[in-house]
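Values in this text are rule-based calculations from the coordinates and carry no lab data. Please read these numbers as outputs of a predicted model, since none were measured by experiment. We place every Cβ from the backbone using ideal geometry, glycine too, and count neighbours over all the protein chains shown.
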């Protein structure tokens, strides 16, 4: 992940909406619950399109475990290698990140208990997906088939790469007959409880057993490059404690 240059109303700056505010929101009780088997019906394949290595765990680390337990077919798509997360860092130059971040994803999947699912690395430029949205849509459509359920970041998530992946997946699904499901990641940062900019009418809540939540938490610890401060620049962690608190709950939210 990197800092956002999204429109002003969706900028990712500061610490964002406190997790306590989200937790106290009565609106959670009105979100319909959904099961993994409803999100990905029997016989369907789940295609997880992650803008950066770690988004697949942040957004749907619980769902991945549930789908694996149900024997659903999976395809993971890494759109970028996340090599622009630490600009001008002596500790994390792009060459190192290009090698380390995919390895972190592999370790995280192992921590979830997944046996090496098929994994497609597209190697698009980190921070430059917006300018390649049509190409990305074409690349994805070539790997999709009718009946697939494609999970990717929300088209209004606030991070340009996340939003571009959402739009590219929407076009690819339309062309291939696959179904699109969107996942908020940075939306929890800039939005507020009950925010009218969030499509709550499309939101569904996936309950996670405690054991799966704990495995998701352990998997995220595999992303040392993103979860630890950079002493060579003095910058804080890319994904700080505030962001993790908003994403580590006994539910995951999906926009159908």
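For this structure, a couple of remarks:
- Pair residue 20, residue 201: separation of 7 Å Cα→Cβ label points (nm): 3.4 nm
- Simple spin-label estimate for residue 138 and residue 116 gives 3.2 nm between the two label positions (7 Å along the Cα-to-Cβ direction from each Cα).
- Cα gyration tensor, region 146-192 - rounded (a/c under 1.5), prolate or oblate: prolate
- Each principal axis of the Cα cloud of region 33-162 was taken in turn, and the coordinate range along them, longest first, works out to 47, 33, 27 Å.
- Full extension of the segment from residue 217 to residue 95, taken as 0.36 nm per residue of separation minus the current Cα-Cα distance, would add 41.2 nm.
- For region 202-256, projected area of the alpha-carbon convex hull averaged over all directions, nm²: 4.5 nm²
- Arranged from fewest to most other beta-carbon atoms within 10 Å of their beta carbon, 104, 13 become 13, 104.
- Residue order for 52, 201, fewest other beta carbons within 10 angstrom first, comes to 201, 52.
- Exposure proxy for 54, 210: other Cβ atoms within 10 Å of each Cβ, ordered fewest to most, give 210, 54.
- Given the choices [x] 1.14; [y] 0.93; [z] 0.99, Cα Rg over 2.2 N^0.38 Å derived from the coordinates of this structure is entry [y].
- Choice from 108, 168, 211 showing the highest fluctuation, given a GNM over the chain with Cα pairs closer than 10 Å: 211
- Among 21-27, 58-64, sorting by the average number of other beta carbon atoms lying within 10 angstrom of each residue, highest first, gives 58-64, 21-27.
- Label point distance in nm, residue 251-residue 11, each placed 7 Å from Cα along Cα→Cβ: 3.1 nm
- Counting DSSP beta bridges with both ends in region 41-255, the antiparallel % (nearest 5): 25 percent
- Radius, Kirkwood style, for region 59-113 when every pair of distinct Cα atoms is counted (Å): 12.8 Å
- Computed [θ] at 222 nm, deg cm²/dmol, the chain (DSSP H ≥ 4; -39,500 (n - 2.57); rounded to nearest 500): -10500 deg cm²/dmol
- Theoretical FRET efficiency, 1/(1+(r/R0)^6), r = Cβ-Cβ of residue 106 and residue 229, R0 22 Å, to 0.05: 0.40
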